[in-house]
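Take a look at the structure below.
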Ligand SMILES: Cc1ncc(C[n+]2csc(CCOP(=O)(O)OP(=O)(O)O)c2C)c(N)n1
Ligand SMILES: [Mg+2]
């Protein structure tokens, strides 16, 4: 099913470097010694997932075990829901009804293919762009909207939803995932965790500490990197000199797999196998889903300042994950224009209902900007007391005695 793909053999595995042994001998003060041999074939830890759908929707590989073309219909509905939500959320922000918002457009297949592989007992640990994945795990969009509308109720996840809170601080969620997976292991529970993060997060110390620990303790954890080519304006090529992100797993002693993140079936395949490994006690896996952020980093960003229209068009017109899956389904007579219309209308209805619920919650919460001064310190430091006073004077014209 998968083939080992050597990236740079002479630097990865000593088995592929015939000179290495000779160079290591006599390396210290002329005293002959040799290193213990590496038992694991390092190159075999790296995989590329075989594609299932070509960008034009043609099937080029077998379906992953357990999936049928009919699953494609369910998955397509999810992809469409994600896109409709995204469109509406951006409009809300543009209308001044939401502070800021990080769009997921372009990453629907990566999120849906991975979340679809989870079992009910598994946990999903998101970053801040994983609205569709979280929704698939039962987190209503109203929570995502409340969060970005600025009320903390958005991060109060219902007890029956196995999704962690939104993590905006880059990489923070990775050690959390490690800890949660360790707890599950200590409790002998049969469940897996999947943690979502971006290409930029792989430069954080948290990423390396988390992977190192998980590798040593063989934790039931899937690291799911959506490599969307950018960390705000920093392109992937400036993020790391590694040829791939998946290969970083080799350093921590567990498999890394690179998959076309816009091929929803291939993503499912890679994540499904990684979760099975985790549940079977075989340890973590790093999955790199290669995708593209079609929108801005957030609604406060202007991508035209750091990337070309030509580049965007290639991904939008030739590699759109929705178009790819829809073309496939249509070629199988599994999807019609009427299906599309109906599914879109259903998605719009759901999202509108969620927007209404979120806006009602914001009204009810009766938050005021000065409350940002209230919950960090037991006793507000003098300089913040002054800022609060100044804020109240400017915005309300009162003396701040309230
Ligand atoms: C610790 C930390 N440093 C910097 C930031 C500012 N910041 C917000 S998003 C972002 C880029 C993250 O890129 P990536 O991990 O690729 O995720 P993406 O936004 O592409 O999904 C940065 C640097 C932050 N939120 N947290
Ligand atoms: Mg990124």
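The values are calculated or read from the model by the stated rules, or taken from the named source; none is laboratory data. Predicted model, so just to flag it, every value in this text is computed and none were measured. Using ideal geometry, Cβ is built from the backbone for each residue, glycine included, and neighbour counts are taken over all protein chains shown.
Things to note:
- You will find that of 154, 113, 171, 179, the residue that is within 16 Å of ligand 2 (Cβ to nearest atom) and assigned by TED's automatic domain parsing to the domain that holds residue 271 is 171 and no other.
- Residue in the range 161-174 that is within 14 Å of ligand 1 (Cβ to nearest atom) and on the phi > 0 side of the Ramachandran plot present: yes
- Condition check for residue 208 on (1) within 16 Å of ligand 1 (Cβ to nearest atom); (2) over 19 Å from residue 102 (Cβ atoms); (3) not in a helix (DSSP H, G or I): one failure, at (3).
- When we screen 322, 334 for residues that are under 30 Å from the mean Cα position of the chain (by Cα) and more than 26 Å from residue 294 (Cα to Cα), the only hit is 334.
- Across the range 45-63, the number of residues qualifying as in contact with a helix residue (DSSP H, G or I) (Cβ under 6 Å, 6 or more places away or on another chain) and under 15 Å from residue 261 (Cα atoms) comes to 6.
A quick yes/no check of all residues on (1) away from ligand 1 (no atom under 16 Å from the Cβ); (2) surrounded by fewer than 16 Cβ atoms within 10 Å (Cβ to Cβ):
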residue: 222; (1), (2): yes, no
residue: 236; (1), (2): no, no
residue: 248; (1), (2): no, no
residue: 259; (1), (2): yes, no
residue: 268; (1), (2): yes, no
residue: 281; (1), (2): yes, yes
residue: 286; (1), (2): no, no
residue: 298; (1), (2): no, no
residue: 305; (1), (2): no, yes
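- Count of the range 274-314 residues which are over 17 Å from residue 255 (Cα atoms) and touching a strand residue (DSSP E or B) at 6+ places or on another chain (Cβ under 9 Å): 7
- Number of positions in the range 75-105 that are over 21 Å from residue 151 (Cβ atoms), in a helix (DSSP H, G or I) and in contact (Cβ under 8 Å) with a residue 40 or more places away in the chain: 10
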